[in-house]
Amino acid sequence: MSELFRLIDRKAVFSLVAVCVLEGCANRAAYRTPVTTFQDASSVMVHSARIYLTQLNKIERDAYIRRQAANNQHIRLDEIEKTQSFSPEEIAVRLEALNELSRYGELLGHLANSDAPERITASASDLADSLQRLSDKVSQLARRPTNSKFVNSAGPAVKIVGEVASIAVEKKIQAALDRAILSGEGPIRDLIHAIRDDITIAFERKRNALSAQRVDYVDAYEDTVGTDNEANGDQRRQRANELIAYLDVWESFPLSNPHEGLNALADAYSALVAYAKSPKTPTDLSGLADQIELFAARANRIGGVIQQLEKNF
Amino acid sequence: MSNQELSRLDLIRIIGDMITAIDVARGSLPKGSPERKELDSWRLRLDAKQHALADAVFDEGTVAYQSASADIDHIASAMSEAIMDVNNTAQTFENLERLASAIDDLLDCAASAFKPV
């Protein structure tokens, strides 16, 4: 009889372990598609944001040079320096933060998709190391007030991602995934919003610069109006075509605003959190998938327009 | 949009809208005309102020910030359509003077800002 009880007990324990293991796997499997979509769309969004941040100084520099040329004025390097919004280091740290956000998305993807703990450990360990370096660089930016929002939001986000990476290094996959999604929401949202604000400024400054160029193209065309000979006619038609092409760029430019895409990224992150907190029913999963798809659609649309603008202009 | 909702980014966008409207007016006037030259000058000034605003840090909860930002929004809303009317530049220049003054008031209440000339 006691042997029977031992057998029943062993069966019960085995069943309990099996249920736990399967549930863990099922939970990871449920995350799989939306997290992969989230990761892909994040990469597109980070790439788009990277283009804007990289262009931040170029926009101001080019606008100054064009202004001086249009007004027949001298160009001075010290004046160019004054136009720059961020130092190369300030831009580099923001780009690095974006890169870490993207790698964090990759880690989430590995956690949700991979059954190879070594791969996760290597990825998480690498992320934890680079986060430490990023943290040091971020603290050096604190001296300038303009960086305060970015610095204040990057610190907590770096800390949370570092903790998740540490758990993942220990191969506690489900725990790391839960920690990533539950603890990381606020700090990651704040960091995304801080970067979004910097990029929104870059977008507005670029809109300003592109708008000024409309007038340059119109002026260039107007310079050819009046004298009606063959050479002038050719030049006039050429400038008309240049104006047409430029106004096409101007017309599509508003569609490249990364503001909405970064908001969608933050919303998608919140949807992941909501799902993690939910009973994880098929309805919960469906809600998550819808939100992530919405983000992916926005990210891909914006990414496509930005790539087109880069190609054409 | 209520006054409380006007962030620094909203104001940068509002000033950007004014600048692009000025460009429409500039691109509709002969390059050498006095009105065009004055609009060119106003564009330069507003561009410098938008740049200064982009670099400034504010406490958006202060009464001074909210009052100055509401003034900017009010003036910009009132002049948004008229600014492109090249037959009424006198009114436009008067409005631009008020707008520039309101932006200066805002920059004065920044915790940190580079003041444009």
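We did not get these values from a lab; they are worked out from the coordinates using the rules stated. In this text, all values refer to a predicted model and were calculated from it rather than measured experimentally. Backbone-built Cβ (ideal geometry, glycine too); neighbour counts: all protein chains shown.
Computed on the stretch A:163-313, with alpha-carbon pairs under 8 angstrom and 6+ residues apart, the relative contact order is 29 percent. Distance from the alpha carbon centroid of the stretch A:80-139 to that of the stretch B:9-69 works out to 36 angstrom.
Here is the P(r) of the stretch A:57-205: all C-alpha pair distances, binned every 10 Å from 0, give 11, 34, 25, 16, 9, 4, 1 in whole percents. What's the angle, to the nearest 10 degrees (0 to 90), between helix A:282-312's Cα axis and the longest principal axis of chain A? Rounded to the nearest ten degrees, it is 30. Taking the C-alpha atoms only, the angle from helix A:2-70 to the longest principal axis of chain A is near 10 degrees.
Sorting A:107, A:95 by the number of Cβ atoms found within 10 Å of their own Cβ, with the fewest placed first, yields A:95, A:107.
Relative to the longest principal axis of the Cα atoms of chain B, helix B:34-55 runs at roughly 20 degrees. Taking other Cβ atoms within 10 Å as a rough exposure proxy, A:246, A:52 sort from fewest to most as A:246, A:52. For residue A:221, what charge total do you get from the other residues with a beta carbon under 12 Å from its beta carbon, if Lys and Arg give +1 and Asp and Glu give -1? Residues near residue A:221 contribute 0 overall. In plain terms, the residue of B:18, B:79, B:84, A:45 with the fewest other Cβ atoms within 10 Å comes first and the most crowded comes last, giving B:84, B:79, B:18, A:45. Computed from Cα atoms alone, the Kirkwood hydrodynamic radius reported for the protein assembly as shown is 24.6 Å.
Pair-distance distribution of the stretch B:3-108: all C-alpha pairs, bin width 5 Å, starting at 0; shares per bin in whole percent are 2, 13, 26, 24, 16, 10, 6, 2, 1.
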